[in-house]
Each structure stands twice: as structure tokens, then as C-alpha cells.
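Some notes on the structure that comes next.
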Amino acid sequence: MAIVRWDPFRDLAEVQERVNRVLGEFYGGRGQDDVMRRGAWIPPVDIYEGGNHEMIIKAELPDLRREDIDIRVEDNTLTISGEKKVDADVKEDQFHRIERVYGNFTRSFSLPATIDTEKVHAEYKNGVLAITLPMREEAKPKQVQVLVG
């Protein structure tokens, strides 16, 4: 039998996700985890735990420049916002079809108290924004040596 470390925040996040899904279906929403307003489009994200006791958020932001992206951490809330603009070289009457979405976007995520908001850093490469959220030292697991006496 494998020993699994109990993480109360993981259980709480799973419950919140289920409630959001149910309420989202009931009210006709999408059941996503944003805690604030949204823009004209919603970039998809992946959120996972990294190997160095950190959380990582990856957001797909194609055709954006670094200058078009704003990242803020305030009151344990991470907000990613920006604007995806239509290519200025192409006029509206030249389009035959427009399937990609343009305009402003905002995604906000509540951060657990275990995240060290002073050490958050971001990297933007190949249209993917990767935000690393390291955990506070006191939140990292510690190994305790058992003495036999």
C-alpha cells in the first residue's frame, strides 16, 4: 500500500472545481475558475505543480508581444491581462473568414497562502506564457529524522 501525503488544499480545490462545474452548468456558464471579470476572449491555461515545490501556470497567448501582456499579483490574486490585436496590414474588407478571437482578455486566479508572491516570475516563449509561483519556505515539506533510543 502506497503512502500518500494528505494535502487539505488539494481536496478543497477539487471541491471548489466540482461546485464551479455544477453551478456553471446550472447557470449556463462555462464553470471556469476565474475570480474576476473576463475580456473578449479567454486564453486557455494549464495549472500544475512543478518539481521544485512550485505551481506553474501556462497560458496560450499566440500573436502577442511581451509588451501586450500585463501580470499582477495583488492580495493573493494573480491577474493576467492584455490585448490581442488584428494585424494592422489587413483591412476588414480583405477578410473572407475570421475564426480567431481578438480583443482584451483578463484571467484571474486566487493563490493559496503557501505561495511566495515576492518570488513569482514569468517567461514568454513561442506564444506560451509560463508563470512560476514558488511556495514559501515554511510550506515546503521537511524531513524529520527519527532517533532510536
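Derivation of every value follows stated rules applied to the coordinates shown; laboratory data play no part. Just so we're clear, the structure is a prediction, and the values are computed from it rather than from any experiment. Heads up, the Cβs are rebuilt from the backbone with ideal geometry, glycines too, and the neighbour counts pull from every protein chain shown.
If R0 is taken as 30 Å, the Cβ-Cβ distance between His96 and Arg21 corresponds to a FRET efficiency of 0.20. With a Förster radius of 41 Å applied to the C-beta separation of Ile42 and Val144, the computed FRET efficiency comes to 0.40.
The equivalent ellipsoid of segment 33-139 has semi-axes of 31, 13, 11 Å, largest first, where each one is the square root of 5 times an eigenvalue of the Cα gyration tensor. For the pair Val73 and Val86 in one chain, pulling the backbone fully straight at 0.36 nm per residue adds 1.9 nm over the alpha carbon distance.
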